[in-house]
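Step one of this worksheet: look at the structure below.
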Amino acid sequence: MKLRMRLALTTAAVALAIALGLAWLHWTFETSERESILAEYALTQMLQGGRERCEASPSTWSHEQSFGPRGPPPGGPNGPPPPPPSRNWFGRKEPGGPPPPPGGTVLFAYDTELVARNPAAPPLHQKLATAMRKGRETAGRSPGLDDRGMRELVVRMPWASGPCAFVLARQWGPGPRGRRSPTPPPDMLVFPSLIALAGVLLTVGPVVRRLRQLTREVRTSVSSAYQGHITLQGNDEVTELARAFDEAGREVRAQMDLKEQREQTLRSFLENTTHDVMIPLTVLQGHLAELQQRAARGEPVEASVVAAASQEAHYMAALIHNLGAAARLEAGEPAVQRAPVDLNALVERCMSRHRPIARQQDVALEYAVPEEPVRVLGDDILIEQAVSNVIYNAVRYNARGGHVAVVLERQPGSTFRLRVLDDGPGIPENELSRIVERRVRGNAARTRGPGGNGLGLNIAWKVTVLHGWRLELGRSEYGGLQVDFLGELLSEAEPGGTRRTPGIG
Amino acid sequence: MGERILLIEDDHQLGAQITDFLGRAGFEATWWSEGRPLQPGEAAAYRLVILDLMLPGTYGMDILRQLREGSDVPVLILSARNDTADKVRALKLGADDYMTKPFWPEELVERVRARLRRPVMQRQNAVELGGLSVDLESHEVRVQGKPVELTRVEFELLAALARRPGAAVTRQWLVENVLDPEREGTERTLDVHVSRLRRKLGPGKHIETVWGIGYRLGDGEGS
């Protein structure tokens, strides 16, 4: 349903409810006014000789009087006394004299027991009798809506004794204002309702127009990938809605830009990755081709060629692990899992991974871990990748006959130090500070010479930052490089996770 | 006959390769190319289980969970997925080790050996390695059956290494835990004690120097 139709229907429903309420109020006031006039009329009749006549012949007394629409002028010799001042529909006194009770009115007398001596008098209705016995001054009722608007009213007389202690006034015909309709006058209901309806429709018109304009603008904005402009005028709810649409559009646009940027990063990442993997793969293919040719010629296989091929395969595995780690680091916190990590077991795993290649390169790879496992909270895979990178670099860029040592130690103050040191050529002092902060995908990072290990060290550095640790690079006492991972231990209060595995050698 | 190892791996080439390497390393490997639940009684026949996670028709974690309901046999997980959540889950389910592909066959053999060595690592009062025997309770040291007289510091030094035979111990740890910190707490002093101890133990590399780390109790064979 359209907004305008809904508002019109709502207005009509509210107007109807108001009309019914007003009608009830109108009927209540009219009844009250009619009873008041009747009571005054009965009392005046009895005070002006009615009592004497009634008490003289109570078995026959009754008093009947008929009026025209307005009756004879009040205060005449045979006419009724002037009735009490009436009140209009809203209870205000009307100017001029009070009107007499309209229609036909009959009075009957009842004694103190509320019994009529006159057999023509109707028996007093139970409801009225009860009200009188309770000491009420007057009590009225309407026998029925179909009884030509008859109204009964019992009035207690000031003397309260004798056969005429109570008087019943019965009246037929319309109420005091001569109208029988229970509804208030149409000018008081219909016109205000119509005016309200027209007002509502007029007010709604511009709102509906602005909403339509907003709808058009939002649709245009959506079709133009949220590039369109939304008009903001005024300071009302519609403007707030427009502002909300505008903000939502800008947010969507920002998200789309970010997504576009990420896709761009991913594309260049894939290009770089392909490049990185293709080089060692090509070298590996070269080695394999040479081995194949030698085998075809029946020549003995040269151990150095096999070792070189193995190193390329190892390099590729390390590279792919690093690319996976880099992707997870790029994705941020949700991709990073935190659980208790046993560093002793982690160091052992790194050892078993790099020992074969160290052996091939004739590099001595040794390690030491404390007897009691060193436990930290972090991402097991990422930490392992970080430590593995540093160890791999130390092995890979060492000379034959070189040494690499990995030492895990507990330090004072619930901290640990994981040290990787070698006696290789190391890195010049001036490069140490910036090597870890090098952009991952910088060209130099993809160079495979000594020092061209940007991705691995950069991941190590990022992982330490992510875990709130420190990565310190320096010259080892044996002339090569020393890399220290420094961080906090898992507090004993934290819930355990992985099973403890004692260190072995 | 070597120790029995069960390998559950669906890739035929890799499965055959691993079985071959384990056999050459002296193990008796049984290879299942399909995953199925392992009954506790069945598991008792093996010293170690190598379990691939991604198996056709079933999931390695489910096999592990069922296995752990009735068996403590060590389990080494193989997975092509390098994800922390997988790893943590496997370790929580009772896996003992986790290896991601690709790996060197030597690495696998080394890990298997490390895992099987573990029960032997139980605390013991006497350590025998090569010709050297160290009784940690009675403080008695013998080389080729002949008793060797050691000073208190020398014995403490030897005992510290003998408690973890084969493991490298840092010089710093030895200085802090073996030497008297009041009197002689430097690495230089430690080296002096080691050289005296080596002399007393005689020929053979009982106490090995580990580059960049410290010392290790070896089997007394040549370098």
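The values are calculated or read from the model by the stated rules, or taken from the named source; none is laboratory data. Quantities reported herein were computed from a predicted structural model and do not represent experimental measurements. Virtual Cβ from ideal backbone geometry, glycine too; neighbours counted across all protein chains shown. These accessible areas exclude ligands, DNA and RNA; they are computed on the full protein's heavy atoms, side chains included. Shrake-Rupley method; radii C 1.70, N 1.55, O 1.52, S 1.80 Å.
Calculate I(q)/I(0) for segment B:69-142 by the Debye formula, one identical point scatterer on each C-alpha and no solvent, and give its log10 at q = 0.11, 0.23, 0.27 Å⁻¹ to two decimals. Each listed q maps to, in turn, -0.47, -1.05, -1.25.
As a test, work out the antiparallel percent of DSSP beta bridges whose residues both lie in chain B, rounded to the nearest 5. Present the calculation step by step, with values, prior to reporting the outcome.
Working: 19 of 36 bridges.
Rounded to the nearest five, the antiparallel share is 55 percent.
Calculated FRET efficiency, B:T189 and A:E431, Cβ-Cβ r, R0 45 Å, to nearest 0.05? Could the numbers behind the result be given before it?
Working: r = 37 Å, r/R0 = 0.83.
It comes out at approximately 0.75.
Backbone amide hydrogens, once placed in the peptide plane, bring A:R475 within less than 5 Å of A:Q482, excluding anything fewer than 5 places away on its chain.
Across the options A:Q411, A:I320, A:S388, the greatest Cα extent toward the positive end of the charge dipole of the protein assembly as shown (unit charges at beta carbon of Lys, Arg, Asp, Glu) belongs to A:I320.
Stretching the chain fully between A:E409 and A:L211 yields a gain of 64.3 nm (0.36 nm per residue, less the alpha carbon separation). Taking the charge dipole of the protein assembly as shown about its Cα centre, with +1 at Lys and Arg Cβ atoms and -1 at Asp and Glu Cβ atoms, the residue from A:V363, A:V347, A:S59 reaching farthest to the positive side is A:S59. Note on segment B:1-149: Rg/Rh from C-alpha atoms, Kirkwood Rh, equals 1.10. Tell me the carbon and sulfur percent of the accessible area for segment A:236-365, rounded to whole percent, probe radius 1.4 Å. Reported share for carbon and sulfur atoms: 58 percent.
Phi angles of segment B:72-78 translate, via the Karplus equation with coefficients 6.51, -1.76, 1.60 and θ = phi - 60°, into HN-Hα couplings of 10, 4, x, 10, 10, 8, 10 Hz per residue; Gly and Pro are given as x.
Note the per residue figure in Å³ for the convex hull of the C-alpha positions in segment B:1-47.
Details: hull volume 2.5 nm³, N = 47.
Enclosed volume per residue, from the Cα hull, is 52 Å³.
Rolling a 1.4 Å probe across the protein heavy atoms gives the protein assembly as shown an accessible surface of 51 Å² per residue. At a threshold of 20 Å², the residues of segment A:398-415 that become less accessible to a 1.4 Å probe in the full protein assembly than in their chain on its own are A:H403, A:A405, A:V407, A:E409. In this structure the amide hydrogen of B:L132, modeled in the peptide plane, comes within under 5 Å of the amide hydrogens of B:Q144, none closer than 5 places in sequence on its chain. The H on the amide N of B:V210, modeled in the peptide plane, is under 5 Å from the matching H of B:Y215, B:R216, each at least 5 residues off or on a different chain. Report the number of Lys pairs in segment B:69-223 whose alpha-carbons are under 28 Å apart, with separation of 8 or more residues or on distinct chains. For segment B:69-223, qualifying lysine pairs total 4.
Counting only Cα atoms, I'd like the Rg/Rh figure for segment B:104-223, Kirkwood definition for Rh.
Details: Rg = 15.0 Å, Rh = 15.1 Å.
For segment B:104-223, the value is 0.99.
Measuring how big the protein assembly as shown is from its alpha-carbon positions, Rg and Dmax come out at 53.2, 160 Å. In summary, the helical segments of chain B meeting the span-like criteria, namely a full DSSP H run, a Cα extent along the axis of 20 angstrom or more and a mean Kyte-Doolittle hydropathy of at least -1.0, are B:187-201. In order along segment A:294-302, the Karplus-derived 3J(HN,Hα) couplings, from 6.51 cos²θ - 1.76 cosθ + 1.60 at θ = phi - 60°, round to 5, 4, 5, 7, x, 7, x, 6, 8 Hz, and Gly and Pro are given as x.
Can you compute the FRET efficiency between B:R142 and A:R267 using 1/(1 + (r/R0)^6), with r the Cβ-Cβ distance and R0 = 60 Å? Round to the nearest 0.05.
Values: r = 70 Å, r/R0 = 1.16.
Efficiency at R0 = 60 Å is approximately 0.30.
Of the solvent-accessible surface of segment B:1-109, computed with a 1.4 Å probe over protein heavy atoms with every protein chain present, carbon and sulfur atoms account for 50 percent. Beta bridges per DSSP, both residues in the protein assembly as shown: antiparallel share near 75 percent.
Is there a simple number for the mean count of other chain Cβ atoms within 10 Å of the Cβ of residues in A:350-363, and what is it?
Values: counts 0, 4, 13, 8, 2, 4, 7, 3, 0, 2, 2, 0, 0, 0.
That works out to 3 on average.
Note on segment A:1-67: with neighbouring protein chains present and a 1.4 Å probe, carbon and sulfur make up 64 percent of its accessible heavy-atom surface. For the protein assembly as shown, a crude dipole built from +1 on the beta carbon of Lys and Arg and -1 on the beta carbon of Asp and Glu, taken about the Cα centre, is about 3500 debye to the nearest 20. Rounded to the nearest whole Hz, the Karplus-based 3J(HN,Hα) values (6.51 cos²θ - 1.76 cosθ + 1.60, θ = phi - 60°) of segment A:193-207 follow the sequence 4, 5, 5, 4, 4, 4, x, 4, 5, 5, 5, 5, x, x, 4, with x at glycine and proline.
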